[in-house]
Amino acid sequence: MKTEKISELTTSRLSLYLRCLDELASEGVERISSKAMAEQFALHSAQIRKDLAYFGEFGVRGVGYSVSDLREQLRQILGLNTDRNVAIVGAGNLGIALATYGGFNSNGFRMVAIFDSDPNKIGTKTRDGLCVQDARELSDCIQREKIDIVVFAVPAAAAEKLLDQVTAAGIKAVLNFAPVRLPPKPGVKIKHVDFAISLESLSYFLAQPNSSGQTTTGMGADFRDLLRNGK
C-alpha cells in the first residue's frame, strides 16, 4: 500500500466497486477486466485501476481480476471482515426507518440498540423487535454492547451534546443525520448525511440544464466531499 494519504472519495469508490463485484458474483462471473467492469457499471477503467493500485496489485494484465478474490480484498480494506455493532440515537420517524434498514444488518454491521429520551417511545419496539431504550442508558450500553458506531437521528440542538457524550464513552465513529455540522474531534470520524445539501445539488442540476449529471453514490458519504472535484 502506498504511504500517501488515501482520500475519502477513493474509499467511497471502493465501496461502489464492492457493490459491483457483489452483483457480478451473484451472476456467476468469475473474472472481469477493469474495462469490462467500467462499461457494465458506467465507471472509469483508469480510475478503477488507479484506486486499486493504492492498496496493491490485484489483477493480471490481459486476464483481469478474480471477482471472488477482489471482493475479499476490498472487504478487508474496508474493514468489513469484522462485525461492527451499531446504535441509533433518536427513535423518531427517521431513526425507526434507519433501525429497520436492511443494509445496517448486512456486511458485518449489527444494529444492536436504539435510544430516545421521550417517555412515550421508551419501551416500544421497532418492526424488527428492537426495544427503544432510555437515552440515559446510552453510555453504559456503549461499553456493555461494545458499540462501534453511533448513528445520530436527533434534532440539531441535541447533536453536539450527544457527540460529547458518545465520544466520552469511547465512540470513534459517528454517522450524523442531524441537520447540523458537528465540530471535529481528534481521533473521531464523523460522517455527515445532509439531505438538504443533496436536494440543493439536484435543484442546481435542474436549474442549470448544461451542468454535469454526474452520479454520486453512498448513503453514508459526506455529500460536500462528493460534490467536490478531484480525488
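The values are calculated or read from the model by the stated rules, or taken from the named source; none is laboratory data. Every value quoted in this text rests on a predicted model; they were computed, and no experiment measured them. Ideal geometry is used to build each Cβ from the backbone, glycine not excepted, and the neighbour counts take in all protein chains shown.
Among residues belonging to the range 1-22 that are under 13 Å from Leu70 (Cα atoms) and not hydrophobic (A, V, I, L, M, F, W, C), point out the one that is surrounded by the most Cβ atoms within 10 Å (Cβ to Cβ).
Tyr17
Given the structure, is Leu9 in contact (Cβ under 8 Å) with a residue 24 or more places away in the chain, in contact with a strand residue (DSSP E or B) (Cβ under 8 Å, 6 or more places away or on another chain) and of a type outside the set (Gly, Ala, Ser)?
Values: in contact (Cβ under 8 Å) with a residue 24 or more places away in the chain: yes; in contact with a strand residue (DSSP E or B) (Cβ under 8 Å, 6 or more places away or on another chain): no; of a type outside the set (Gly, Ala, Ser): yes.
Considered against the rule, which asks whether it is in contact (Cβ under 8 Å) with a residue 24 or more places away in the chain, in contact with a strand residue (DSSP E or B) (Cβ under 8 Å, 6 or more places away or on another chain) and of a type outside the set (Gly, Ala, Ser), Leu9 comes out as no.
Please count how many residues of the range 139-195 are of a type in the set (S, T, N, Q) and touching a Lys or Arg at 6+ places or on another chain (Cβ under 9 Å).
Filtering the range 139-195 for residues of a type in the set (S, T, N, Q) gives 139, 143, 165, 167, 176.
Remaining after also requiring touching a Lys or Arg at 6+ places or on another chain (Cβ under 9 Å): 167, 176.
Final tally of qualifying residues: 2.
Return the total of residues in the range 113-140 being at pLDDT 90 or above and surrounded by fewer than 18 Cβ atoms within 10 Å (Cβ to Cβ).
Within the range 113-140, residues that are at pLDDT 90 or above and surrounded by fewer than 18 Cβ atoms within 10 Å (Cβ to Cβ) number 16.
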